[in-house]
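Novice: Here you go, one structure.
The values are calculated or read from the model by the stated rules, or taken from the named source; none is laboratory data. Please read these numbers as outputs of a predicted model, since none were measured by experiment. Using ideal geometry, Cβ is built from the backbone for each residue, glycine included, and neighbour counts are taken over all protein chains shown. These accessible areas exclude ligands, DNA and RNA; they are computed on the full protein's heavy atoms, side chains included. Shrake-Rupley method; radii C 1.70, N 1.55, O 1.52, S 1.80 Å.
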Amino acid sequence: VGANSGNCHLVTPDEAPCYVAGFESGANQLVSVGLVDPEKIGIIGFSRTCFYVMEMLTTGSIHLKAASITDGVMEDYFQYILNPDRASHESNSMIGAPPFGEGLQQWLKRSPTFNLDKITAPLLVVGEGPISLLSMWEPYAGLHYLHKPVDLMMLNTGEHVLTNPAVRMASQGGSVDWFRFWLQDYEDPDPAKAEQYKRWRDLRTLQEANERTSPLPHSSSN
């Protein structure tokens, strides 16, 4: 996390943009000293930081090569409607209004899932059990509709913070596979993963087609 993020005001419309500025500051510093290839930057979100990842994907200025989000809030319309009693107070404060009437205009501008067309990085969406998967559905479904590279994984658990060793291995191993595939062009030779890589190679073909028709990265003027 960049130096900026310690001063971010939580549960306000400035929260996510502030964290994004911190992430970008840290990444740019690492690039400037030669420790990071600017064309091989990825980002992972879990729980609340899923919102920051989605914000960075839709408004940031850095070209992200790959991203993943796991079991988290994204301040999206679908999560709001799934559980408005729980989501409404925080979401209304972070977006600036409820998603009805005139307030919907704020959501169209500030909720990341209303701006999925701006995403240029392949995204792995991970749910922890069926309920979590349902709550993570909007970015997956939207990107799939837009013909952008996205994959969906469900872990066999109802936990948020994983403690089961097998599930933790599946989660962490899946993340390593995803980022090595996109950042290093590497595929684990384990035959059990053959279907996974077949799926991802199709996504890479889709990504290459999108890059031929869309400028990278997206504008940071949003």
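Novice: Answer with one residue from F181, M169, W200: the one whose Cα lies farthest towards the positive end of the charge dipole of region 168-208, charges on Cβ with Lys, Arg +1 and Asp, Glu -1.
Specialist: Of the options given, the answer is M169.
Novice: How large a share of the accessible area of region 84-222, in percent, is made up of carbon and sulfur atoms when the probe is 1.4 Å and the other protein chains stay in place?
Specialist: Summing carbon and sulfur atoms, their accessible area is 56 percent of the total for region 84-222.
Novice: Moving on to the next point. Using the heavy atoms of the protein chains alone and a 1.4 angstrom probe, what is the accessible area of the chain per residue in square angstrom?
Specialist: Accessible surface, normalised per residue, equals 52 Å².
Novice: Let me ask you something else. Would you compute, from DSSP H runs of 4+ residues alone, the mean residue ellipticity of the chain at 222 nm, taking -39500 (n - 2.57) per run and dividing by the full residue count, rounded to the nearest 500?
Specialist: The helix contribution divided over the chain gives -15500 deg cm²/dmol.
Novice: Moving on to the next point. Under a Cβ-Cβ limit of 4.7 Å, which cysteines in the chain have nobody to pair with?
Specialist: Cys with no partner Cβ under 4.7 Å: C50.
Novice: In debye, nearest 20: dipole of the chain around its Cα centre with unit charges on the Cβ of K, R (+) and D, E (-)?
Specialist: In total the dipole reaches around 240 debye.
Novice: Just to be sure I understand the model, the point goes 7 Å from the Cα along the line to the Cβ. What's the resulting S32 to Q106 distance in nm?
Specialist: Distance between label points: 3.5 nm.
Novice: Right, another one. In percent, how large is the relative contact order of the chain, given Cα pairs closer than 8 Å and 6 or more residues apart? Numbers along the way, then the final one.
Specialist: On the way: 339 pairs, mean separation 42.2, N = 222.
Relative contact order comes out at 19 percent.
Novice: Just flag the GluC sites (Glu not before Pro) in region 1-83 sitting in loop per DSSP whose Cβ has no more than 16 other Cβ atoms within 10 Å.
Specialist: Here the sparse-neighbourhood loop sites are E39.
Novice: Please find the FRET efficiency linking D117 to N164, where r is the Cβ-Cβ separation and R0 is fixed at 30 Å, and quote it to the nearest 0.05.
Specialist: On the way: r = 37 Å, r/R0 = 1.24.
E(calc), rounded to 0.05, equals 0.20.
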